[in-house]
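To start, the structure itself, in structure tokens.
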Amino acid sequence: MNRYLKVNEIFYGIQGESSYAGRPCVFVRLTGCNLRCSYCDTRYAYDKGRYMEISEIMDRVASYPCRLIEVTGGEPLIQKETPSFIYKLLEEGFEVLLETNGSQDISLIDERCVRIVDIKCPSSGEESKNDLLNLNRLTDNDEIKFVVGCRDDYEYAGKILALNFLRTNLPLFSPVFGKMDAGILAGWILEDHLNVRLHMQLHKIIWETDRR
């Protein structure tokens, strides 16, 4: 039985986010998202894409001279075959990252995968959709990210951190590009002595902000 995923795009680029930023990476962007964040920069992935057999996707990924793969969206976990696809990548020896919006159960994904969980802050408009049980599903392999657009977002992130669920990796605090001044966010982090990583979207610094 053939298995399919709806794919928006597959491309080779520089990882712009997470602690893996700066590394060459193959991106598999899946179509569809269950959220509509106010600052979303991948609206083109809400609907556009084509169905591809997992074997075809595997062949495309393997054609690039790179062993780091990110599965992103949209929201990858709303497609039922995503866990199987990630498992196959891991079994083939790829280093795999999953970028997820935090509304879906990450325990569906093999723990060898680095699950990067974006916890939605109030200015996203989707704070109520966070599955905070994911905080208990994190391993030392995983990362969490807060996209901060205002002081309320920053304070919300601080309350989540106060739950003391952290493992090894530092939380990522990322300013909303073009809205939140990174210097202001850095100042708040220093004032409160937060043990977090100020996280910039490297790809938007290297290339034009609307380049895909």
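The values are calculated or read from the model by the stated rules, or taken from the named source; none is laboratory data. Quick caveat, the model's predicted, so the values are computed rather than measured. As a convention, Cβ positions derive from the backbone with ideal geometry for all residues, glycine included, and neighbour counts pool all protein chains shown. These accessible areas exclude ligands, DNA and RNA; they are computed on the full protein's heavy atoms, side chains included. Shrake-Rupley method; radii C 1.70, N 1.55, O 1.52, S 1.80 Å.
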* Tell me, what HN-Hα J-couplings in whole Hz come from the Karplus equation 6.51 cos²θ - 1.76 cosθ + 1.60 at θ = phi - 60° for each residue of the stretch 133-140, using x for Gly and Pro? -> 5, 4, 4, 8, 9, 5, 10, 5
* What aspartates and glutamates could a cross-link reach from Lys129, if we take a straight Cα to Cα line under 14 Å and drop same-chain neighbours fewer than 8 places away? -> Glu75, Asp105, Asp118
* To do: Grab the beta carbon distance between Arg3 and Lys159, set R0 = 35 Å, and tell me the FRET efficiency rounded to 0.05.
  => 0.30
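Among Lys6/Lys120; Lys48/Lys88; Lys6/Lys159; Lys80/Lys145, which pairs are too far apart, with a Cα-Cα distance over 27 Å? Present the calculation step by step, with values, prior to reporting the outcome.
Numbers: Lys6/Lys120 24 Å; Lys48/Lys88 25 Å; Lys6/Lys159 36 Å; Lys80/Lys145 24 Å.
Listed pairs above 27 Å: Lys6/Lys159.
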* Asked: At Ile14 and Glu92, where each label point lies 7 Å from the Cα along Cα→Cβ, what is the point-to-point distance in nanometres?
  -> 2.6
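Quick one: length gained pulling Lys129 to Ala186 fully straight, 0.36 nm per residue minus the C-alpha distance? If you can, show how the numbers build up before the last one.
Numbers: separation 57, 0.36 × 57 = 20.52 nm, distance 2.70 nm.
My answer for the length gained is 17.8 nm.
In square nanometres, what is the average projected area of the Cα convex hull of the chain?
Details: hull surface 44.6 nm².
Result: a mean projected hull area of 11.2 nm².
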* Asked: Angle between the Cα long axis of helix 151-161 and the longest principal axis of the chain, 0 to 90 degrees, nearest 10?
  -> 70
* **Cα gyration tensor shape for the stretch 1-65, rounded if a/c is under 1.5, else prolate or oblate** => oblate
* Asked: Using a Förster distance of 25 Å, how high is the FRET efficiency between Asp105 and Tyr46, based on the Cβ-Cβ distance and rounded to 0.05?
  -> 0.70
* To do: Would you mind working out the accessible area per residue for the chain, using a 1.4 Å probe, and quoting it in Å²?
  => 48
* Asked: What's the carbon and sulfur percent of the chain's accessible surface, probe 1.4 angstrom, rounded to a whole number?
  -> 49
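Taking every DSSP beta bridge with both residues inside the chain, roughly what % is antiparallel (nearest 5)?
Working: 11 of 33 bridges.
Rounded to the nearest five, the antiparallel share is 35 percent.
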* Specify the inter-centroid distance of the stretch 16-42 and the stretch 67-123, based on alpha-carbon positions, in whole Å. => 11
